[in-house]
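The values are calculated or read from the model by the stated rules, or taken from the named source; none is laboratory data. These numbers were taken from a predicted model, which means no experiment stands behind them. So basically every Cβ, Gly included, is an ideal-geometry build from the backbone, and we count neighbours across all protein chains shown. For accessibility, only protein heavy atoms count, side chains too; no ligands or nucleic acids. Shrake-Rupley method; radii C 1.70, N 1.55, O 1.52, S 1.80 Å.
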Amino acid sequence: MAEKVVFLVDMQSFYASVEKSDHPELNGKPVVVAGDPERRSGVVLAACPIAKRQGVKNAERLWEAQQKCPEAIVIRPRMQRYLDVSLRITKILECFTDQVEPYSIDEQFMDVTGSQTLFGAPHEIAKKVQAAILKMTGVRARVGIGPNKVLAKIACDNFAKKSKTGIFE
């Protein structure tokens, strides 16, 4: 019997990535999805990598983020849009396996143990998953690979997010 292979697929800066995908003119600019830009209130729900490099952190107060990154473009959250994109991502993952389990709006587990005969080794499947998500949604995904959900999550959070490829087993 083949060793179990589980992925945790995590979307990079999900809300900000959706906004950049929907608005290509924002590419190359620091984008922050947060409360009320006019009142400078609320917290940062997502910051793109450009804003994060300037010190902006998720869950910090908007005014603090704007002090660190004054040129940040602040966008109000569009939760229905993010849910719709998340559901599209679920459909993409279901093209690779029928064993997909959403964990949060931007993270989903998938068991690809039985998918290897069709799609290749785990790293090959991970690359195909990343490419399909990017092509269909404009959002980058990171993939943690392990023999169970816990190790796949650890692989993603501690290593894939820091890896150039966005994949870690």
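Filtering the range 49-62 for residues that are under 30 Å from residue 118 (Cβ atoms) and open to solvent by less than 70 Å² (accessible area, probe 1.4 Å) leaves an empty set.
Considering every residue within the range 75-95, establish whether at least one is over 30 Å from residue 32 (Cβ atoms), open to solvent by 20 Å² or more (accessible area, probe 1.4 Å), out of contact with any Phe, Trp or Tyr (no Cβ under 9 Å at 6 or more places or on another chain) and not basic (Lys, Arg). Don't jump to the end; show me each part of the working.
As a first pass, look at the range 75-95 and keep what is over 30 Å from residue 32 (Cβ atoms): 94-95.
Now narrow it down to the ones that are open to solvent by 20 Å² or more (accessible area, probe 1.4 Å): 94-95.
Of the ones still in play, those that are also out of contact with any Phe, Trp or Tyr (no Cβ under 9 Å at 6 or more places or on another chain) are 94-95.
Adding the requirement that they be not basic (Lys, Arg) leaves 94-95.
Yes, the conditions are met somewhere in the range 75-95.
Assess whether residue 105 counts as being buried (at least 20 other Cβ atoms within 10 Å of the Cβ) and touching a residue at least 24 places away in the same chain (Cβ under 8 Å).
Working: buried (at least 20 other Cβ atoms within 10 Å of the Cβ): no; touching a residue at least 24 places away in the same chain (Cβ under 8 Å): yes.
Here the answer is no, as residue 105 does not meet what is asked.
Residue 123 meets each of the listed conditions (1) closer than 18 Å to residue 16 by Cβ; (2) open to solvent by 30 Å² or more (accessible area, probe 1.4 Å) apart from (1).
Which one of these is under 23 Å from residue 143 (Cβ atoms) and acidic (Asp, Glu): 38, 25, 19? First the steps, then the outcome.
Numbers: 38 fails: under 23 Å from residue 143 (Cβ atoms); 25 fails: under 23 Å from residue 143 (Cβ atoms).
Criteria check complete, one pass: 19.
Can you pull out the residues in the range 29-48 that are open to solvent by 80 Å² or more (accessible area, probe 1.4 Å) and out of contact with any Phe, Trp or Tyr (no Cβ under 8 Å at 6 or more places or on another chain)?
Step one: of the range 29-48, the residues open to solvent by 80 Å² or more (accessible area, probe 1.4 Å) are 29, 38-40.
29, 38, 39, listed by residue number.
Note on the range 87-100: residues that are under 15 Å from the mean Cα position of the chain (by Cα) and free of Cβ contacts under 8 Å to residues at least 24 places away in the same chain total 2. Residue 146 falls short of the stated requirement of being over 22 Å from residue 2 (Cβ atoms), modelled with pLDDT of 95 or more and either surrounded by 21 or more Cβ atoms within 10 Å (Cβ to Cβ) or in contact with a helix residue (DSSP H, G or I) (Cβ under 7 Å, 6 or more places away or on another chain) (or both).
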